[in-house]
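Following: one structure in structure tokens, then a few remarks.
The values are calculated or read from the model by the stated rules, or taken from the named source; none is laboratory data. The model shown is predicted, which means the values in this text are computed figures rather than measured ones. When we count neighbours, we look across all protein chains shown, and the Cβ atoms used for this are built from the backbone with ideal geometry, even at glycine. Areas reflect the complete protein model, heavy atoms only, side chains present, ligands, DNA and RNA absent. Shrake-Rupley method; radii C 1.70, N 1.55, O 1.52, S 1.80 Å.
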Amino acid sequence: MTTTVRPPQSTRTRTRPPLEDWQPEDPAFWAATGAKVARRNLLFSVLSEHIGFSVWSLWSVLVLFLGPEYGIDPAGKFVLTAVPTLLGAALRLPYTFAVAIFGGRNWTVISALALLLPALLTAYVLEPGVSYTTLLWVAAVAGIGGGNFASSMANINAFYPQHLKGRALGINAGGGNLGVPAVQLLGLLVLATAGSQHPRLVPLLYVPLIVLAAVAAALRMDNLPALRNDRGALREASREPHTWVMSLLYIGTFGSFIGFGFAFGQVLLVQFHADFPTAVSAAYLTFLGPLLGSLVRPVGGALADRWGGARVTFWNFVAMAAGALLVLLASRAGSLPLFLTGFVALFLFSGVGNGSTYKMIPGIFHAKAERETAAGADPAEAGNRSRRRASAVIGIAGAVGALGGVLVNIAFRQSFLTEGTGDAAYLAFLAYYVLCLVVTWGVYLRRRG
């Protein structure tokens, strides 16, 4: 098979021509050219997505700076962390297909530079006396960072062969997810050094990093012309039942990860105020869960590559249900050590589940392509159709799953408003994880779907 790629010296030019005839499933092509090019694109994709997650998560940190002088109660702060989650979820669908329109490299540059808007806008308005309505609008703009994940995952999915997709997508997503604890650690650093009177330092520190990510993507990433065929995939994917099953499962994994990541600091301040009387005391712990959940996401992908995505996902939801039960019991007993243990477990297993569920998506459509080929379809056409639909479902599931983060923050807000504790929210999380493990078993394991 002949494959046209640019000559090696073109990597030193500013204008990188598109890669033609990309064939990652061809072992000879992958060994000679594909692996190196894919790894390079993965590296710079992770950098841009990482910063996108940090900008998306800004308000999980900034609410800790909003003292009495801002006049915002805990319920209002939960809303401030929910609105960027909502916009980020909505943007994931158009971001997925922007790759097909503009090209992976080009869209990475555009989406990275767009992060300057929320960073600069937040730094401009954030001071005592600003209205709550203004803060809501500015927090919503931070949702721009949430869209980067979908375009990045759709792009990287096209670069890798089927047997490496779980690991590659896990690394890409895990590196991006690390943006959540990264911005929380940065917030802790600012709180501990400059103090709570200087929240605008947090977004301003990201401005040079955003520019760096955009320049690096422009110089080192590539466009895949094959992705241009993805523009009609959304309609195909929306008619596919597996799309909505996977979206349901991804609400349980990623929705938990991003929702808990945004809300955990506020939960500690409200429910265990005696143990965490200041924002700094809570900030020392808030980054830990998102950090662990991000680090184990590639592990979830690798386990799914080895044991099967459905099997790993099923047992992962069993573990998440156990973690939610432990948090509920700890909350009712007022035990902070058990509470922290349960929440760390939820972060860990949400990370594992993020990796395993995303491995399931290309696996489902790869199996469909194999059945179509066995029935007489052209292997190349079946493979392209499989990749196109998988990329579309990755975008849809990513968007719907991110809505889970909104639901998590709304559940906490309502639970604390009505009961004074988060117990009702923890019970709702437990019920949802049980639903997910039943669905995973019924659809993908019971009949070897």
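Checking the structure you have, find out if any residue of segment 392-410 is outside any helix (DSSP H, G or I), open to solvent by less than 60 Å² (accessible area, probe 1.4 Å) and under 23 Å from Cys436 (Cα atoms). Please lay out each step first, then the result.
Taking segment 392-410 first, the residues outside any helix (DSSP H, G or I) are none.
Among the residues of segment 392-410, not one is outside any helix (DSSP H, G or I), open to solvent by less than 60 Å² (accessible area, probe 1.4 Å) and under 23 Å from Cys436 (Cα atoms), which makes the answer no.
Of note, Ala319 satisfies the criterion of being part of a helix (DSSP H, G or I), closer than 29 Å to Leu445 by Cα, out of contact with any Asp or Glu (no Cβ under 9 Å at 6 or more places or on another chain) and free of Cβ contacts under 8 Å to residues at least 60 places away in the same chain.
Go over the candidates Leu249, Leu209 one by one and state the one that is open to solvent by 40 Å² or more (accessible area, probe 1.4 Å), closer than 29 Å to Ala82 by Cβ, under 20 Å from the mean Cα position of the chain (by Cα) and not small (Gly, Ala, Ser).
Details: Leu249 fails: open to solvent by 40 Å² or more (accessible area, probe 1.4 Å).
On inspection, the qualifying residue turns out to be Leu209.
Scan the helices (runs of 4 or more DSSP H) fully inside segment 148-247 and keep the ones with 1 or more residues being out of contact with any helix residue (DSSP H, G or I) (no Cβ under 8 Å at 6 or more places or on another chain). Can you show your working first?
Values: elements: 165-177, 179-193, 201-220, 233-238.
Because the criterion is at least 1 residues that are out of contact with any helix residue (DSSP H, G or I) (no Cβ under 8 Å at 6 or more places or on another chain), the helices (runs of 4 or more DSSP H) in segment 148-247 that meet it are 179-193, 201-220, 233-238.
Filtering segment 252-292 to residues that are without any contact (Cβ under 8 Å) to a residue 40 or more places away in the chain, open to solvent by less than 20 Å² (accessible area, probe 1.4 Å) and not in a helix (DSSP H, G or I) leaves only Phe276. Put simply, of Gly376, Gly383 the only residue that is at positive phi and either over 23 Å from the mean Cα position of the chain (by Cα) or free of Cβ contacts under 8 Å to residues at least 40 places away in the same chain (or both) is Gly376.
Among the residues of segment 342-387, count how many are among the β-branched types (Val, Ile, Thr) and in contact with a His (Cβ under 6 Å, 6 or more places away or on another chain).
Adding up the residues that qualify gives 1.
Counting only residues that are open to solvent by less than 30 Å² (accessible area, probe 1.4 Å) and assigned to a helix (DSSP H, G or I), segment 51-76 holds 17 of them. Within segment 362-387, the set of residues being closer than 30 Å to Leu295 by Cα, open to solvent by less than 20 Å² (accessible area, probe 1.4 Å) and modelled with pLDDT of 80 or more comprises Pro362, Phe365.
Consider segment 81-130. How many of its residues are among the hydroxyl-bearing types (Ser, Thr, Tyr) and open to solvent by 30 Å² or more (accessible area, probe 1.4 Å)?
Residues of segment 81-130 that are among the hydroxyl-bearing types (Ser, Thr, Tyr), as a first pass: 81, 85, 95-96, 108, 111, 122, 124.
This time we only want the ones that are open to solvent by 30 Å² or more (accessible area, probe 1.4 Å), so: 124.
The number of residues fulfilling the criteria is 1.
Exactly one residue out of Val109, Val138, Val99 is aliphatic (A, V, I, L, M) and free of Cβ contacts under 8 Å to residues at least 60 places away in the same chain, and it is Val138. Of note, Arg311 satisfies the criterion of being over 18 Å from the mean Cα position of the chain (by Cα) and assigned to a helix (DSSP H, G or I). Any chance you could count how many residues in segment 293-323 are over 17 Å from Tyr250 (Cβ atoms) and open to solvent by less than 10 Å² (accessible area, probe 1.4 Å)? Here the count works out to 1.
Within the bounds of segment 169-181, is there any residue that is buried (at least 20 other Cβ atoms within 10 Å of the Cβ), among the aliphatic types (A, V, I, L, M) and more than 13 Å from the chain's Cα centre (by Cα)? Steps first, please.
Residues of segment 169-181 buried (at least 20 other Cβ atoms within 10 Å of the Cβ): 169-181.
This time we only want the ones that are among the aliphatic types (A, V, I, L, M), so: 169, 171, 173, 178, 180.
Applying the additional criterion that residues be more than 13 Å from the chain's Cα centre (by Cα) yields none.
No, segment 169-181 contains no residue that is buried (at least 20 other Cβ atoms within 10 Å of the Cβ), among the aliphatic types (A, V, I, L, M) and more than 13 Å from the chain's Cα centre (by Cα).
Among the residues of segment 18-34, those identified as out of contact with any Lys or Arg (no Cβ under 8 Å at 6 or more places or on another chain) and either part of a helix (DSSP H, G or I) or open to solvent by less than 40 Å² (accessible area, probe 1.4 Å) (or both) are Trp22, Pro24, Asp26, Pro27, Ala28, Phe29, Trp30, Ala31, Ala32, Thr33, Gly34. I'd like the full set of residues that are crowded, with 22+ Cβ neighbours inside 10 Å and farther than 21 Å from Gly323 by Cβ, limited to segment 414-444. Selection gives Tyr444 alone. Within segment 328-361, being crowded, with 24+ Cβ neighbours inside 10 Å and small (Gly, Ala, Ser) holds for Ser350, Gly351, Gly353, Gly355, Ser356.
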